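Notes follow once the structure below has been shown.
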Amino acid sequence: MIVGVAFALISAICWGTSSVLIKVGLKNRSPLIANLVRLIFSSLMYATIFLIGGNFNEIFRMSLEYHIIAFVSAQFGFVIGDYLYFSALKSLGVSRTVPITSTYPLWTLVWAYLFLGREITIRIAIGALMIVLGIIVVRQVEVEEHVNPKGLLYAFLTPISWSMAIILMDWLSNKISPLTLAGLRIMYATVGITISSLKVVPELKHITKREVMVIATAGMLGLVVAQYTFVSSVSMLGSQIATPITAINPIISTLLAITFLKEPPNWKIWVSLGLVVSGIWLLTS
């Protein structure tokens, strides 16, 4: 139990740091090209680890059904979901995007109740209400600041896509070892993003070494370290517990964005974060 919680916390820290790095890497690049670079580097790292550890043997023994579910999970999580997330980051900034996208545990609980038969208690219902209130508060901030409504739509759709990926991963987590599942999803996401990025591939010629380093580092933290620890945590605790623990992610990313990216703080953002984090804490209690 303690190890599972520790892994979930490590995931949150890595994701929070990765969000800020992605925002830096997106300054002069499209979300699609940034995601492509990030996934390619992460896949190469996993392929190296798999060659050394022999994980490809497990992959070759997997049934076709497991491969299909892993592929679909990867597209919802890292292709569709992360494209929406990067687009929101580019439009709204880290501190405005993360409180909205961090509601994915709420959606995960909904899907877990509908498809995995997980229980929803009064405490969970109250926690869900607090998260919704947090969304309303941050939505008011976006209205006051006259942000791009498309960026707001991207932010709202992101957690829905992520949560669908998590539920599929949850189903697989007891059938495939955590490291293999984490790496396989990244590799399948790379296949998906490569196909969908053919039109922007020429942009790779213009990307700088600094941008590659920043985006690759974000990939290592968010897709290698965080994904492995998160899949391990889900395997130990279940998605209904592991996912909400990562709720400290928005606090980390918002603090980093205000400190290093000089994004202007807004008291309503902090109120929203407080509601979202408190709500998610109730979901896990």
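The values are calculated or read from the model by the stated rules, or taken from the named source; none is laboratory data. Remember, predicted model here, so these are calculated numbers, not experimental data. Positions of Cβ are backbone-derived with ideal geometry, glycine not excepted, and every protein chain shown enters the neighbour counts. Note: accessible area is taken over every heavy atom of the protein model, side chains too, but ligands, DNA and RNA are not part of it. Shrake-Rupley method; radii C 1.70, N 1.55, O 1.52, S 1.80 Å.
Could you tell me what percent of the accessible area of the chain is made up of carbon and sulfur, with a 1.4 Å probe and every protein chain present?
72
Go through the range 6-13 residue by residue and turn each phi into a ³J(HN,Hα) via Karplus (6.51, -1.76, 1.60, θ = phi - 60°); whole Hz please, and just put x for glycine and proline.
Couplings: 4, 5, 5, 5, 4, 4, 4, 5 Hz.
Can you tell me which of Val225, Val271, Val37 moves the most in a GNM of the chain? Springs connect C-alpha atoms under 10 Å apart.
For the chain, modelled as a Gaussian network with Cα springs under 10 Å, the answer is Val271.
Picking from Thr180, Thr208, Leu152, whose Cα lies most toward the positive end of the charge dipole for the chain (charges on Cβ: Lys, Arg +1; Asp, Glu -1)?
Result: Thr208, furthest along the dipole toward the positive end.
Where does the charge balance sit around Trp162 when Lys and Arg score +1, Asp and Glu -1, over other residues with C-beta under 14 Å from its C-beta?
Once positives and negatives cancel, what remains is -1.
In debye, nearest 20: dipole of the chain around its Cα centre with unit charges on the Cβ of K, R (+) and D, E (-)?
Taking the Cα centre of the chain as origin, the dipole is about 520 debye.
With unit charges on the beta carbon (Lys/Arg positive, Asp/Glu negative), name the residue among Gly192, Ser30, Leu44 whose Cα is farthest towards the positive pole of the charge dipole of the chain.
Highest projection toward the positive end goes to Ser30.
Calculate one ³J(HN,Hα) per residue across the range 24-31 by plugging θ = phi - 60° into the Karplus curve 6.51 cos²θ - 1.76 cosθ + 1.60, and present them in order as whole Hz with x for glycine and proline.
Values per residue, Gly and Pro as x: 5, x, 7, 3, 10, 10, 6, x Hz.
Just to confirm, what accessible area per residue do you get for the chain at 1.4 Å probe, in whole Å²?
Each residue of the chain exposes 44 Å² on average to a 1.4 Å probe.
What's the extension gain from Ser30 to Lys209 if we count 0.36 nm per residue and subtract their Cα-Cα distance?
The Ser30-Lys209 span can extend by a further 62.8 nm.
Calculate the dipole size of the range 167-215 relative to its Cα centre from +1 charges on Lys and Arg beta carbons and -1 charges on Asp and Glu beta carbons; express the result in debye to the nearest 20.
Approximately 140 debye in magnitude.
How do 213-224, 40-51, 98-109 rank on mean C-beta neighbours within 10 Å, highest first?
Values: 213-224: 22.2, 40-51: 17.9, 98-109: 27.1.
Packing order, densest peptide first, comes out as 98-109, 213-224, 40-51.
Mind listing the phi-derived Karplus ³J(HN,Hα) values for the range 159-165, rounded to whole Hz, using 6.51, -1.76 and 1.60 with θ = phi - 60°, and x for any glycine or proline?
x, 5, 5, 4, 5, 5, 5
Could you compute the FRET efficiency for Val110 and Lys150, with r as their C-beta to C-beta distance and R0 at 30 Å, rounded to 0.05?
Given R0 = 30 Å and the Cβ-Cβ separation, E is 0.75.
What ranking do 204-211, 77-84, 188-195 get when scored by the average of other Cβ atoms within 10 Å per residue, highest first?
Averaged packing, sorted descending, gives the order 77-84, 188-195, 204-211.
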